[in-house]
Amino acid sequence: MNRQPTPSPLAGEGWGEGARDDHHVAPAKPQPGNVTAPPHPAAARPPSPARGEGKDAALVPARIHLFDTTLRDGAQTTGVDFSLDDKRSVAAMLDRLGIDYVEGGYPGANPLDTAFFAQKPTTQAKFAAFGMTKRAGRSAANDPGIAALLEAKADAIVFVAKAWDYHVHVALEIPLEDNLIGIRESVEAARAAGREVMLDCEHFFDGYKANPDYALSCARAAYEAGARWVVLCDTNGGTLPDEIGAIVAAVAKTIPGDHLGIHAHDDCGCAVANSLAAVEAGARQIQGTLNGLGERCGNANLVTLIGALKLKERYRERFAIGVDAAQLGELTHVSRALDEMLNRAPNRHAPFVGASAFTTKAGIHASAVLKDPRTYEHVPPEATGNLRKVLISDQGGKSNLVAELERIGVTLGRDDPRLGRVLDEVKEKEAQGYAFEGADASFFLLAKRIMGELPAYFEIERFTANVERRHNALGELVTFSEAIVKVKVGEEVLISVAESALGPVNALDLALRKDLGRYQSLIEGLRLVDYKVRVFQGGTDAVTRVLIESADETGARWTTVGVSANIIDASFQALVDSITYKLMREGATA
C-alpha cells in the first residue's frame, strides 16, 4: 500500500513538511583537532506547531518517526536467517506500510549485508545502514568500518557507541574521552558526506543510572556534532517504564525531545510500554521490529506500537505517524507474512493482529459480543485487517454456533433442528479431545455432514504404516517409513504405496494423495505446511490430538484435526479431512 502523495492531517496521514523535517539543533561545536561539522540543516528555523513548537503546538499532533530494525536487530533472533531476497521483500513490505526508516543491516560486516546495500530497496522510507563509531587510535577517514558505511547506498547512517562507562572500561578498554572523540568524529564524517546521522547510545539507561554525567555526555557529543537523532537504548531490557520516563524527561532538558529516540528490548516484557513511556516523556522516534523479533526476548514490537499509536485515543489525538488508515488495515497481513517467510507459526495471542486477539469463547461473553462488539473489544478488529471470531466450544451455545457457522459460510436458522445436532456433536467431539476452534476446515466438514451436504468422494478401506531401520546401498544405517493405503473411489478400488525418510505421517500423506482416481487432478497443488501434536488428558490413557495445516496452489490455507489414542490414526484422520475439504473447495461432486 503506497503512501498518498498528499497526506491528510485529518486522517492522521502526515502533518506537512514539518512532520518529517528536523527541529532546531545547536550548531556543531569545534573540537580540538577535528573538522567542524557543517551547520545543522534545521538550525535557526522559526517555531512550528507541526513540530510541537509555539503557542498553537497543542492543536497539531506531534510527529512520531517509526524506525524498523527487523533486518538488523531482528536478524539476531535465534532461528531467524534472512536471505538477500527475504531482506528485499521485508524492506518493500515496510516501505508500503509507511515506516519512516528501514535499517538494513551492517554493510561490510558480511557479504549478504554488503550486497543488500548495493541498491536502495525502498522508495518512501529512508534506508539506514548500521555500524560502529571509529576505532580508537585511528581517524574516521582511515577506519574501514566507516568507509563501508559511506559506500553503502543508504540515506542515513546509524552509529552505535557505548554510553555506559563500565562498558567503555571493560569492553572497549579505552579512556572515557576517547569514546567521546569517536562519537564526535564519526558523526561529523557522516554529516560531511551528506548523510543523515543518528547515534544508538548502547546501554544508555544502565549507564545513566550508574554515571548520569558520562551517559549524557555521550548523547550530547552526538547531538552537538550534528546528529539528527540520538537514540537511547535499553540494551539489556531491564529498565522499567517509570525509570524510562524519568530518564528520557531528564535527557530532554539537554537534548530536544524531537531529536531523541527510544530503542527498547523486551527482557522484562516492557519494551512496548517503555517505548510509549519514552514518547510521553518527549522522545519522537521509536525503534522496534515486526512481531518483536530480536535477540534474547526480542525488541519492542512495532506492530503493537502502530496499533496503539493509531487506535488508542490517548496517542491518536496527540501524535501522528506515517501509517495511514489504509496501511493500518494491512497490519495483520504484514505481521503474518513475515512469519510465513520465516516459517514461524504466528503468535495467535499477539495484540491487534493475532488470530485470537478478537476471539470470544465463553458463552456469556459471546452473547454480548454478538449484541455489541464493544462489550469485549477495545478496538474494531477490521481496523488492523483482523477478524472477529466467536468460537464453538463446550462453553458456548447456539448463539456462538450460529455466528461461527456464518463466519465459515454455513447458514442455519436458529430454529433449524440440525443446529441442535451440530451443537451436540461438537460438544461430544470436544469431550473426546477434538478442538474445532483451531480447525475451521474440520468444523466445516462436520457441519456439512450433519446437514447432509457432504459428498462421499472416497472411502478408506484400510491403511498401514511401518517404520524400518536398515542399511542402504552405501552401508549407512537409515530409517525409512512405508505406507499402504487402500481407497475406494466410486466402484474403483485403488491401492497406493509410498516410502519416506521423513516419517510415517509423511509416507501416509504421500500414499493417500498418490492416486485418487478421477479426483487426482484436483489435489495436485495440495501440500502439508504445518503439523502439530497435542496430548489431551495425560496419563496412561492419554489421547493424542493432531492439527494439520494444509495449503494449495492458490495460497489458501486451512486446518484440520484428528484425535485418537494412536498418533498415526489421529494424523490420518486430519489428512483425510484436508483432502475432503480441498475437494469441496474445488466444487467436486461424488
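The values are calculated or read from the model by the stated rules, or taken from the named source; none is laboratory data. As the structure is a computational prediction, the values presented were derived from the model and not from experiment. As a convention, Cβ positions derive from the backbone with ideal geometry for all residues, glycine included, and neighbour counts pool all protein chains shown. Just so you know, the surface numbers come from the protein's heavy atoms only, side chains and all, with ligands and any DNA or RNA stripped out. Shrake-Rupley method; radii C 1.70, N 1.55, O 1.52, S 1.80 Å.
Here are the numbers:
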item: Sole residue being in contact with a Gly (Cβ under 9 Å, 6 or more places away or on another chain), closer than 30 Å to PHE319 by Cα and not aromatic (Phe, Trp, Tyr), chosen from LEU112, LEU97; result: LEU97
item: Total residues in the stretch 101-120, condition outside any strand (DSSP E or B) and open to solvent by less than 10 Å² (accessible area, probe 1.4 Å); result: 2
item: Enumeration of residues in the stretch 228-268 that are of a type in the set (D, E, K, R) and open to solvent by less than 30 Å² (accessible area, probe 1.4 Å); result: ARG228, ASP234, ASP258
item: Within the stretch 199-304, helices (runs of 4 or more DSSP H) holding 1 or more residues that are within 21 Å of ALA62 (Cβ to Cβ) and in contact with a Pro (Cβ under 7 Å, 6 or more places away or on another chain); result: 271-280
item: Single residue of GLY298, GLY282 found to be in contact (Cβ under 8 Å) with a residue 12 or more places away in the chain, open to solvent by less than 10 Å² (accessible area, probe 1.4 Å), out of contact with any strand residue (DSSP E or B) (no Cβ under 6 Å at 6 or more places or on another chain) and not aromatic (Phe, Trp, Tyr); result: GLY298
item: Contacts under 7 angstrom Cβ, first residue in the stretch 337-351 being under 16 Å from VAL90 (Cβ atoms) and open to solvent by less than 90 Å² (accessible area, probe 1.4 Å), partner at pLDDT below 90 and of a type in the set (Lys, Arg), 6 or more apart; result: PRO346/ARG336
item: Residues of the stretch 477-519 that turn out to be open to solvent by 30 Å² or more (accessible area, probe 1.4 Å) and either closer than 19 Å to GLU459 by Cα or hydroxyl-bearing (Ser, Thr, Tyr) (or both), as a count; result: 15
item: Residue among ALA148, ALA163 that alone is at pLDDT 95 or above, surrounded by fewer than 24 Cβ atoms within 10 Å (Cβ to Cβ) and in contact with a Gly (Cβ under 6 Å, 6 or more places away or on another chain); result: ALA148
item: Odd one out for GLU188, checked against (1) open to solvent by 20 Å² or more (accessible area, probe 1.4 Å); (2) among the charged types (D, E, K, R); (3) out of contact with any Asp or Glu (no Cβ under 9 Å at 6 or more places or on another chain); (4) over 18 Å from GLY288 (Cβ atoms); result: (1)
item: Within the stretch 524-587, strands (runs of 3 or more DSSP E) holding 1 or more residues that are closer than 21 Å to GLY409 by Cβ and without any contact (Cβ under 8 Å) to a residue 24 or more places away in the chain; result: 543-551
item: Scope the stretch 416-459; condition in contact with a Leu (Cβ under 8 Å, 6 or more places away or on another chain) and among the hydrophobic types (A, V, I, L, M, F, W, C); matching residues; result: LEU419, VAL422, LEU423, VAL426, ALA435, PHE436, ALA439, LEU445, ALA447, MET451, LEU454, PHE458
item: Wholly enclosed helices (runs of 4 or more DSSP H) of the stretch 395-507 bearing at least 1 residues more than 38 Å from the chain's Cα centre (by Cα); result: 417-432, 440-450
item: Selection status of GLY98, more than 30 Å from LEU180 (Cα to Cα) and crowded, with 23+ Cβ neighbours inside 10 Å; result: yes
item: The stretch 211-262, residues that are among the basic types (Lys, Arg) and under 27 Å from GLN76 (Cβ atoms); result: ARG228
item: GLY245 touching a residue at least 60 places away in the same chain (Cβ under 8 Å) and not charged (D, E, K, R); result: no
item: Hits in the stretch 335-344 (condition: basic (Lys, Arg) and at pLDDT 85 or above); result: ARG336
item: Qualifying position, being touching a His at 6+ places or on another chain (Cβ under 6 Å) and either over 23 Å from GLY298 (Cβ atoms) or of a type in the set (A, V, I, L, M, F, W, C) (or both), among CYS233, CYS218; result: CYS233
item: Qualifying residue in the stretch 173-184 (condition: open to solvent by 10 Å² or more (accessible area, probe 1.4 Å), small (Gly, Ala, Ser) and at negative phi); result: no
item: Candidate set from the stretch 121-138 (those that are out of contact with any helix residue (DSSP H, G or I) (no Cβ under 9 Å at 6 or more places or on another chain) and open to solvent by 40 Å² or more (accessible area, probe 1.4 Å)); member that is modelled with the lowest pLDDT; result: ARG138
item: Residues of the stretch 313-331 that turn out to be open to solvent by 20 Å² or more (accessible area, probe 1.4 Å), in a helix (DSSP H, G or I) and in contact (Cβ under 8 Å) with a residue 40 or more places away in the chain, as a count; result: 3
item: Matching option when the condition is of a type outside the set (Asp, Glu), assigned to a strand (DSSP E or B) and farther than 19 Å from THR235 by Cα, among PHE127, PHE159; result: PHE127
item: Test set (1) open to solvent by less than 20 Å² (accessible area, probe 1.4 Å); (2) in a helix (DSSP H, G or I); (3) not hydrophobic (A, V, I, L, M, F, W, C) - LYS310 fails condition number; result: (1)
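Yes/no per residue for (1) assigned to a strand (DSSP E or B); (2) of a type in the set (Gly, Ala, Ser); (3) modelled with pLDDT under 80; (4) open to solvent by less than 70 Å² (accessible area, probe 1.4 Å):
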{"residue": "HIS333", "(1), (2), (3), (4)": "no, no, no, no"}
{"residue": "ALA357", "(1), (2), (3), (4)": "no, yes, no, yes"}
{"residue": "ALA366", "(1), (2), (3), (4)": "no, yes, yes, yes"}
{"residue": "ALA383", "(1), (2), (3), (4)": "no, yes, no, yes"}
{"residue": "SER393", "(1), (2), (3), (4)": "no, yes, yes, yes"}
